[in-house]
Amino acid sequence: MTTRHDTAASPVKGGAAPGRPPGGRASAEADRRKRAKLSRRWQRDMRWSPYAFVSPFFLLFLAFGLFPLIYTGWASLHTVELTAPTDMQWTGLDNYTRIFDDEFFWNAAKNTLWIGVISTVPQLLMAMGLAHILNYKLRASTFYRVVMLAPYATSIAAASLVFVLLFGRDYGMINWVLDLVGLDKIDWQNGSWSSKFAVSTIVIWRWTGYNALIYLAAMQAIPQDLYESAALDGASRWRQFIHVTLPSLRPTILFTVVVSTIGASQVFGEPLLFDANKGASGGSQHQFQTLGLYLYEQGWVNQHLGRASAIAWAMFLILIVIGILNAVISRRLRASS
């Protein structure tokens, strides 16, 4: 009886290695090329994507920021009328010398300065006080923060019209209260200082809560160890506020002062809507006409676009001076600290 033994054949010498499919080297080369292509694409994406993300801002800035700035600078050197904006006649610096010799320009600059002082100083002091109160643990603190920010979100037209009713000469609530306590009624719109105070009140009402939240955020960033050390040394709450809170808030205070000053130099909507005649003259005697109103009056009422462009550039130079002062003061504060 014959027994059959099956034996596996030995691999042929020099043949293909077992388990490696044909064409494996080509597949590995294709994978390497694919990974290299993806790597190059990833590198390009990492290099150019940030520019693509920020490009909308720069496009909008070029269209609505840089171009108007350059165009108004060019128009300020010409005589241009609103009825024919493409018809320009070269005048050089005549528009600048004319507005600087105009008493209404200096009156508007003086009104802008006083309204800025009357509105900025009480506004920041009140904002600091409100922020200091909200910095403590209070019930419904989130509700109070929303309430403080509500005036900032309110339409400037709606707010100004409400204050016009409050400061009305015959039927205003302010004069009604003055009459109750035995004081004479005040003609808020036609008085020199009373009109400035009324316009400043609108600005204070709109921006106090906004600045208070900025101060509150800065206060919450102050380390609690400083307050604990001051308390261990026997410092009262007032001493802690003077010697711990205020020194820590110096950069924030400087920021709010600069931003409020810039905003005060551009006040426009409040005095425009506060005027009983709803014009750009800022009252019958120009008693609360700001630089923004004066620019609007020259450009869109008197239709002198060249002169209005010169006023706009004068305001721009004022803002540059404010920025330089901010940089100098900030540098000195950093050096002193």
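Once you divide the Cα radius of gyration of the chain by 2.2 N^0.38 Å, the number left is 1.70. The angle separating the long axis of helix 305-336 from the principal Cα axis of greatest extent in the chain is about 70 degrees. Of 32, 237, 139, the order by accessible heavy-atom surface (1.4 Å probe, DNA, RNA and ligands excluded), from most exposed downward, is 139, 237, 32. Rounded to two decimals, the Cα radius of gyration of the stretch 39-195 over 2.2 N^0.38 Å is 1.69. Accessible area per residue (1.4 Å probe, heavy atoms of protein chains only) ranks 48, 313, 114 as 48, 114, 313, with the largest value leading. The stretch between residue 336 and residue 140 holds 66.6 nm of extra length on full extension. This uses 0.36 nm per residue minus the Cα-Cα distance.
Between 192, 265, 200, find the one with the highest GNM mean-square fluctuation for the chain; connect C-alpha pairs within less than 10 Å. Ranking 192, 265, 200 by mean-square fluctuation puts 192 first.
Computed from Cα positions, the angle between helix 141-153 and the longest principal axis of the chain comes to roughly 70 degrees. Using only the C-alpha atoms, the convex hull of the stretch 212-337 corresponds to 138 Å³ per residue. For the stretch 125-187 and the stretch 262-337, what is the centre-to-centre distance using only Cα atoms, to the nearest Å? Answer, in whole Å: 25. Couplings for the stretch 113-128, taken from phi via the Karplus curve 6.51 cos²θ - 1.76 cosθ + 1.60 with θ = phi - 60°, read 5, 5, 5, x, 5, 5, 8, 6, 5, x, 4, 6, 5, 5, 5, 5 Hz in order; Gly and Pro are left as x.
Based on the Cβ-Cβ distance of residue 154 and residue 40, what FRET efficiency does E = 1/(1 + (r/R0)^6) give at R0 = 51 Å, to the nearest 0.05?
Numbers: r = 53 Å, r/R0 = 1.04.
Computed FRET efficiency for residue 154 and residue 40: 0.45.
Compute, for residue 87, the solvent-accessible surface of its heavy atoms (probe 1.4 Å) with the complete set of protein chains present, and express it in square angstrom to the nearest 10. Surface accessible to solvent at residue 87 totals approximately 90 Å². At an R0 of 30 angstrom, the distance between the Cβ atoms of residue 301 and residue 179 translates into a FRET efficiency of 0.25. Heavy-atom accessible surface of residue 228, to the nearest 10 Å², is about 110 Å², with a 1.4 Å probe and all protein chains retained. Evaluate E = 1/(1 + (r/R0)^6) for residue 29 and residue 49, where r is the Cβ-Cβ distance and R0 equals 35 Å; express this FRET efficiency to the nearest 0.05. E between residue 29 and residue 49, to the nearest 0.05, is 0.70.
The values are calculated or read from the model by the stated rules, or taken from the named source; none is laboratory data. This one's a predicted model, so the numbers in the text were calculated from it and none came from an experiment. Positions of Cβ are backbone-derived with ideal geometry, glycine not excepted, and every protein chain shown enters the neighbour counts. Just so you know, the surface numbers come from the protein's heavy atoms only, side chains and all, with ligands and any DNA or RNA stripped out. Shrake-Rupley method; radii C 1.70, N 1.55, O 1.52, S 1.80 Å.
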